[in-house]
Amino acid sequence: MNEYILTEFSIFYQRLTVVELALKNLIIEKYTEAYGENAYNVFYRYIKTIQDKRPPKDNNFIKIHESKMICAEKLNQVVSKMYISELLNVFANSVFLKNKKVKSNFFAEKVETNTTDFQQKCKILKDFRNCIAHCNTKKYQLDRNKFIKGLVYFEKILNCNVILSCDLIDKINKSRKLSVSEILTFIYNIDKKYFKDDKLLIRLFDDIALINGYTFEGLPQRKSIIREYFRILEKSKKNEEIYSATFAKSNQQMTLFNNNSILE
């Protein structure tokens, strides 16, 4: 496998793991908040449907259910053993959909999970996880942008310290590769505070570049990013207009987005 594809897989697998852990923690937290000691019994209705779909030899859920553990520990144990596909399928199941106590404030923002759009996003995330698990480089290269967009969506609604919203992702120009200056200007105009954290700035830069069509192999060198970073900061100190200084003149203006620029 290409060394750079392997690096991409490693980075995205780590981020998928964060999403998976966030889902597990939220399920335990929200059902416990709503039902206290009875949370396990409520959620077990869904666990039974998972057990029926697993191979007969995979009886982890049965062992936990029949154990002498207290209900709170049983809930922790069953959720910890769920696959990401099973975690995502919760949101199409009645144990979630018909449960207003849990559903009303589960995510960081209002999300309708019983929609085709949301279920498609779930499928994208499952496919991304399977793609990496099976080292399917061909599918990855075909659906890479869709995978990244799906991952960022779940990072956002699960409060995984994501910056890019899906609206911003949709507007990033994918018809050509953006320059280092254009990407940094985009970040600067989202929020200047990102220029105060080098690590966060580099991660955000890489995310935008990858969505724009760069590969890890083709990402600009860090020294090029930092050099332009200092140039923009210097412009800011002089109170010069960052947008006009970074882009071409208005009659030849290059736009960062497919539609109207949000930087205007």
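Derivation of every value follows stated rules applied to the coordinates shown; laboratory data play no part. Small disclaimer: the values here were computed from a predicted structure and weren't measured. Backbone-built Cβ (ideal geometry, glycine too); neighbour counts: all protein chains shown.
What the table below lists for this structure:
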read-out	value
Part-to-part distance (alpha-carbon centres) for the range 83-133 and the range 1-61, which is given in Å	11 Å
Equivalent ellipsoid dimensions for the range 75-139 as semi-axes, Å, which come from the Cα gyration tensor, largest first	25, 16, 9
Dipole moment magnitude, nearest 20 debye, the range 53-157 about Cα centre, only Lys, Arg, Asp, Glu C-beta charged	120 debye
Positive minus negative residues near Ala22 (Lys, Arg vs Asp, Glu; Cβ under 13 Å)	+1
Stretch gain in nm, segment Ser80-Tyr13, where the contour uses 0.36 nm per residue and the Cα spacing is subtracted	22.4 nm
Contour minus Cα-Cα distance for Glu66 and Val42 (0.36 nm per residue)	7.1 nm
Cα-based shape type of the range 3-56, given that a ≥ b ≥ c are square roots of the gyration tensor eigenvalues and the cut on a/c is 1.5	oblate
At R0 = 35 Å, FRET efficiency that the Cβ-Cβ distance of Asn130 and Glu29 yields, to 0.05	0.85
Cross-link pairs beyond the 20 Å C-alpha cut-off, checked among Lys98/Lys149; Lys30/Lys146; Lys81/Lys126; Lys126/Lys156	Lys98/Lys149; Lys30/Lys146
Extended-chain gain in nm, criterion 0.36 nm per residue less alpha-carbon gap, Leu142 and Glu73	20.6 nm
Label point distance in nm, Asp52-Lys110, each placed 7 Å from Cα along Cα→Cβ	3.4 nm
Pair-distance profile P(r), taking every C-alpha pair of the range 1-93, with 5 angstrom steps and integer %	2, 12, 21, 21, 16, 10, 7, 5, 3, 1
